[in-house]
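The values are calculated or read from the model by the stated rules, or taken from the named source; none is laboratory data. Everything numeric in this text was worked out from a predicted model, so none of it was measured. Positions of Cβ are backbone-derived with ideal geometry, glycine not excepted, and every protein chain shown enters the neighbour counts.
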Amino acid sequence: MPSFRTVPGIGALLLLAACGSTGSGGAPASGTSVAITATDTACQVAKTELQAGQTTFAVTNNGNQVTEVYVYGEQAGTYTKVVSEVENIGPGTSRDMQVNLGGGTYEVACKPGQTGDGIRTKITVAGAAAEQEEAYDREVEVEATDHALEGLSSFTAKAGEKIEFKLENKGTTEHELEIFGPDGKEAGEIAPVKPGATGEAVITLKVPGTYSYKCGIGDHAAKGLKGTFTVS
């Protein structure tokens, strides 16, 4: 059965990253700027060999659907670790996504319609790894089956807690975990996890109130992969 437990001290987090703010593709004050052109059928990354450090991905959506763009790091042999993301990029608009990349390989994914694994492009970053440690308060294990997300029904937290959520997929198809704050805005997520695999993310539950969670893939939430928990 899934459980949650307190983990004292420091938890390892592969990368420290931040989602960018809305922009028109302007150059950052420092670091590298890389253009990404997204359409309904393509994800063109202007430069796929980068140096470690601060990078701004300037995303332009030339497609007809709202899109989102993710940078994924490698985790257990698959690219499922969310390093950074930018969502709700409407047709004909641009957004910037800033991220501090360490040495290694990553995948950039454009997701027309904001669903699925996305159209992916591998990038290589030369230089030292940006492996850093970030404190988190405790770890919560969640099991995904094809009809439920188990492990959060009795979970509660206090405002300001940093929780490392771990999603183990025991279903027959990909599942993900999206968590939304009391205002309905996404607080964080674990990207789609393949059957038999595990994904994780550290999410700060900033304010008190009722949070909701779901698997945002297809009709999975309607099948029962959803719920709520309380932060006091």
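Miscellaneous remarks
- Per this entry, Val99 is counted among residues that are of a type outside the set (S, T, N, Q), at pLDDT below 90 and buried (at least 22 other Cβ atoms within 10 Å of the Cβ).
- Spans of strands (runs of 3 or more DSSP E) in the stretch 118-232 with at least 1 residues among the aliphatic types (A, V, I, L, M), in contact (Cβ under 8 Å) with a residue 24 or more places away in the chain and over 21 Å from Thr78 (Cα atoms): 132-135, 138-144, 161-169, 175-180, 186-193, 198-205, 226-231
- Selection count, the stretch 27-39, where residues are assigned to a loop (DSSP other than H, G, I, E, B) and closer than 15 Å to Gln114 by Cα: 1
- Count of residues meeting criterion [modelled with pLDDT of 90 or more and either surrounded by 15 or more Cβ atoms within 10 Å (Cβ to Cβ) or touching a strand residue (DSSP E or B) at 6+ places or on another chain (Cβ under 6 Å) (or both)] in the stretch 132-161: 17
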